[in-house]
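Read the structure below first, then the notes.
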Amino acid sequence: MKKIPLFVLIAFLAACTSSPNQSKTAADTTSGPGPAKQENMAYPYTASYSSDFEMGDAKNAQTLLTVYQNWDNNTLDSAKRFFAENDTMFFSDGIMFAGNRDSLFVLAKKKREPMGNVVDSIHAWIPLRSKDKKEEWVVIWTREIATDSHGKKTAKELQETWRFDKNGKINLMYQYEQAPPKMMPPAAKK
(Lines give C-alpha, C1' and ligand atoms only; values in the text may rest on other atoms or scores of the structure.)
Protein backbone atom coordinates (compact mmCIF):
# COMPACT_ATOMS: atom_id res chain seq x y z
CA MET A 1 0.00 0.00 0.00
CA LYS A 2 1.36 3.41 -0.88
CA LYS A 3 1.92 5.91 1.87
CA ILE A 4 -0.65 8.68 1.64
CA PRO A 5 0.36 12.16 2.75
CA LEU A 6 -1.59 13.90 5.48
CA PHE A 7 -2.77 16.59 3.06
CA VAL A 8 -4.74 13.94 1.13
CA LEU A 9 -6.69 13.16 4.32
CA ILE A 10 -7.28 16.85 4.97
CA ALA A 11 -8.57 17.29 1.41
CA PHE A 12 -10.84 14.26 1.90
CA LEU A 13 -12.24 15.62 5.16
CA ALA A 14 -12.73 19.05 3.60
CA ALA A 15 -14.71 17.45 0.79
CA CYS A 16 -16.89 15.68 3.35
CA THR A 17 -18.61 18.80 4.66
CA SER A 18 -21.45 19.19 2.17
CA SER A 19 -24.78 17.43 1.66
CA PRO A 20 -24.92 14.39 -0.67
CA ASN A 21 -26.65 16.06 -3.61
CA GLN A 22 -25.27 19.57 -3.33
CA SER A 23 -23.34 19.31 -6.54
CA LYS A 24 -26.72 19.16 -8.29
CA THR A 25 -28.33 22.10 -6.48
CA ALA A 26 -27.85 25.84 -6.61
CA ALA A 27 -25.98 27.39 -3.73
CA ASP A 28 -28.23 28.81 -1.03
CA THR A 29 -27.90 29.84 2.56
CA THR A 30 -29.84 28.28 5.41
CA SER A 31 -30.23 29.77 8.80
CA GLY A 32 -31.37 28.25 12.02
CA PRO A 33 -30.99 28.41 15.74
CA GLY A 34 -27.27 27.55 15.48
CA PRO A 35 -24.55 30.13 15.91
CA ALA A 36 -23.53 30.25 12.24
CA LYS A 37 -25.17 29.98 8.84
CA GLN A 38 -24.41 26.92 6.74
CA GLU A 39 -23.89 27.71 3.10
CA ASN A 40 -24.71 24.98 0.59
CA MET A 41 -21.90 24.61 -1.89
CA ALA A 42 -21.70 23.11 -5.36
CA TYR A 43 -18.58 20.92 -5.29
CA PRO A 44 -16.88 19.62 -8.43
CA TYR A 45 -17.01 16.03 -7.07
CA THR A 46 -19.61 13.82 -5.43
CA ALA A 47 -18.38 11.77 -2.48
CA SER A 48 -18.60 8.02 -3.05
CA TYR A 49 -19.19 7.30 0.66
CA SER A 50 -20.74 10.42 2.19
CA SER A 51 -20.37 14.16 2.34
CA ASP A 52 -22.90 14.72 5.11
CA PHE A 53 -20.97 14.68 8.40
CA GLU A 54 -21.54 16.20 11.80
CA MET A 55 -19.72 15.98 15.12
CA GLY A 56 -19.89 12.43 16.45
CA ASP A 57 -20.15 10.95 19.92
CA ALA A 58 -17.25 12.08 22.11
CA LYS A 59 -17.44 8.74 23.96
CA ASN A 60 -16.00 7.09 20.85
CA ALA A 61 -12.96 9.37 21.01
CA GLN A 62 -12.58 8.49 24.70
CA THR A 63 -12.73 4.79 23.79
CA LEU A 64 -10.12 5.17 21.07
CA LEU A 65 -7.75 7.11 23.31
CA THR A 66 -8.07 4.31 25.88
CA VAL A 67 -7.19 1.80 23.13
CA TYR A 68 -4.10 3.89 22.32
CA GLN A 69 -3.16 3.97 25.99
CA ASN A 70 -3.41 0.16 26.12
CA TRP A 71 -1.22 -0.04 23.00
CA ASP A 72 1.42 2.21 24.56
CA ASN A 73 1.34 0.30 27.86
CA ASN A 74 1.39 -3.08 26.09
CA THR A 75 -1.80 -4.11 27.90
CA LEU A 76 -3.67 -5.14 24.78
CA ASP A 77 -6.01 -7.59 26.51
CA SER A 78 -7.53 -4.61 28.35
CA ALA A 79 -8.57 -3.13 24.98
CA LYS A 80 -10.37 -6.25 23.69
CA ARG A 81 -13.71 -5.16 25.12
CA PHE A 82 -13.74 -2.13 22.79
CA PHE A 83 -13.73 -4.21 19.61
CA ALA A 84 -16.63 -5.91 17.83
CA GLU A 85 -16.69 -9.69 17.39
CA ASN A 86 -15.62 -9.28 13.73
CA ASP A 87 -13.23 -6.59 12.59
CA THR A 88 -11.53 -5.31 9.45
CA MET A 89 -8.23 -3.43 9.61
CA PHE A 90 -6.19 -1.90 6.79
CA PHE A 91 -2.65 -1.24 8.02
CA SER A 92 -0.17 1.16 6.45
CA ASP A 93 2.30 -1.64 5.73
CA GLY A 94 -0.17 -3.18 3.27
CA ILE A 95 -1.52 -5.85 5.58
CA MET A 96 -5.29 -6.21 5.67
CA PHE A 97 -6.97 -8.14 8.45
CA ALA A 98 -10.58 -9.37 8.32
CA GLY A 99 -11.65 -11.78 11.01
CA ASN A 100 -12.69 -12.29 14.58
CA ARG A 101 -11.53 -10.23 17.53
CA ASP A 102 -9.38 -12.98 19.06
CA SER A 103 -7.42 -13.43 15.82
CA LEU A 104 -6.98 -9.65 15.57
CA PHE A 105 -5.44 -9.56 19.02
CA VAL A 106 -3.05 -12.41 18.20
CA LEU A 107 -1.85 -10.30 15.24
CA ALA A 108 -1.72 -7.10 17.33
CA LYS A 109 0.44 -8.77 19.98
CA LYS A 110 2.86 -10.04 17.31
CA LYS A 111 3.17 -6.50 15.88
CA ARG A 112 3.49 -4.88 19.31
CA GLU A 113 6.02 -7.24 20.96
CA PRO A 114 9.20 -6.23 19.09
CA MET A 115 8.40 -2.53 19.41
CA GLY A 116 9.53 -2.32 23.06
CA ASN A 117 8.63 0.97 24.72
CA VAL A 118 5.97 2.89 22.77
CA VAL A 119 4.86 6.47 23.29
CA ASP A 120 2.14 8.06 21.19
CA SER A 121 2.04 11.82 20.98
CA ILE A 122 -1.54 12.51 19.90
CA HIS A 123 -1.76 15.58 17.66
CA ALA A 124 -5.55 15.70 17.26
CA TRP A 125 -8.73 13.63 17.17
CA ILE A 126 -12.24 14.29 16.00
CA PRO A 127 -15.36 12.16 16.42
CA LEU A 128 -17.57 12.26 13.31
CA ARG A 129 -20.98 10.90 12.34
CA SER A 130 -22.11 10.43 8.77
CA LYS A 131 -25.70 11.59 8.93
CA ASP A 132 -26.85 9.79 5.79
CA LYS A 133 -25.07 6.48 6.59
CA LYS A 134 -25.70 6.78 10.35
CA GLU A 135 -22.17 5.61 11.12
CA GLU A 136 -19.83 6.82 13.86
CA TRP A 137 -16.14 7.46 13.13
CA VAL A 138 -13.10 8.87 14.92
CA VAL A 139 -10.16 10.32 13.00
CA ILE A 140 -6.89 10.57 14.93
CA TRP A 141 -3.41 11.91 14.10
CA THR A 142 -0.41 10.83 16.14
CA ARG A 143 3.35 10.45 16.23
CA GLU A 144 4.30 7.00 17.48
CA ILE A 145 7.81 6.60 18.88
CA ALA A 146 9.03 3.09 19.66
CA THR A 147 12.28 2.22 21.43
CA ASP A 148 13.30 -1.43 21.03
CA SER A 149 15.34 -3.50 23.50
CA HIS A 150 18.60 -2.33 21.86
CA GLY A 151 17.71 1.35 22.34
CA LYS A 152 16.93 1.94 18.66
CA LYS A 153 14.19 4.55 18.22
CA THR A 154 11.77 4.61 15.33
CA ALA A 155 9.14 7.25 14.80
CA LYS A 156 6.22 7.41 12.44
CA GLU A 157 3.42 9.82 11.80
CA LEU A 158 0.05 8.04 11.68
CA GLN A 159 -3.41 9.06 10.61
CA GLU A 160 -6.09 6.53 11.41
CA THR A 161 -9.81 6.46 10.74
CA TRP A 162 -11.81 4.18 13.05
CA ARG A 163 -15.47 3.15 12.65
CA PHE A 164 -17.74 2.21 15.54
CA ASP A 165 -20.79 -0.05 15.27
CA LYS A 166 -24.23 0.69 16.78
CA ASN A 167 -23.03 -0.84 20.08
CA GLY A 168 -20.05 1.53 20.30
CA LYS A 169 -17.54 -1.19 19.35
CA ILE A 170 -14.69 -0.71 16.88
CA ASN A 171 -15.19 -2.74 13.70
CA LEU A 172 -13.10 -1.03 10.99
CA MET A 173 -9.84 0.91 10.80
CA TYR A 174 -7.83 2.54 8.01
CA GLN A 175 -4.23 3.47 8.81
CA TYR A 176 -1.97 5.79 6.83
CA GLU A 177 1.67 6.44 7.64
CA GLN A 178 4.18 9.12 6.80
CA ALA A 179 7.84 8.98 7.71
CA PRO A 180 8.74 11.89 10.00
CA PRO A 181 9.89 14.89 7.99
CA LYS A 182 13.64 15.28 7.48
CA MET A 183 15.32 18.62 7.27
CA MET A 184 16.65 19.48 3.86
CA PRO A 185 20.47 19.84 3.86
CA PRO A 186 21.63 23.43 3.68
CA ALA A 187 22.17 24.70 0.17
CA ALA A 188 25.76 24.57 -1.00
CA LYS A 189 27.52 27.93 -0.76
CA LYS A 190 28.39 29.51 -4.04
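The values are calculated or read from the model by the stated rules, or taken from the named source; none is laboratory data. It should be emphasised that the depicted structure is a prediction, and the values quoted were computed from it without experimental measurement. Note: ideal-geometry Cβ built from the backbone for every residue, glycine included; neighbour counts use all protein chains shown. Surface areas here come from the heavy atoms of the whole protein model, side chains and all, with no ligands, DNA or RNA. Shrake-Rupley method; radii C 1.70, N 1.55, O 1.52, S 1.80 Å.
Note on ALA42 and LYS59: the extension gain reaches 2.8 nm, defined as 0.36 nm multiplied by sequence separation minus the Cα-Cα distance. What pairs in LYS59/LYS131; LYS111/LYS131; LYS59/LYS152 have C-alpha atoms more than 28 Å from each other? Cα-Cα > 28 Å for LYS111/LYS131; LYS59/LYS152; rest within.
Stretched out straight at 0.36 nm per residue, the stretch from MET184 to LEU107 would grow longer than its current Cα-Cα span by 24.0 nm. Note on ILE95 and VAL119: their simple-model spin labels are 2.5 nm apart, each label 7 Å out from Cα toward Cβ. Take the Cβ atoms of GLU85 and LYS152, set R0 to 35 Å, and the FRET efficiency comes out at 0.40. In sequence order, the stretch 170-178 has phi-based couplings of 5, 9, 7, 8, 10, 10, 10, 10, 10 Hz under the Karplus curve 6.51 cos²θ - 1.76 cosθ + 1.60, θ = phi - 60°, and Gly or Pro positions carry x.
Taking all protein chains together and a 1.4 Å probe, the residues HIS150, HIS123 rank HIS150, HIS123 from largest to smallest accessible area.
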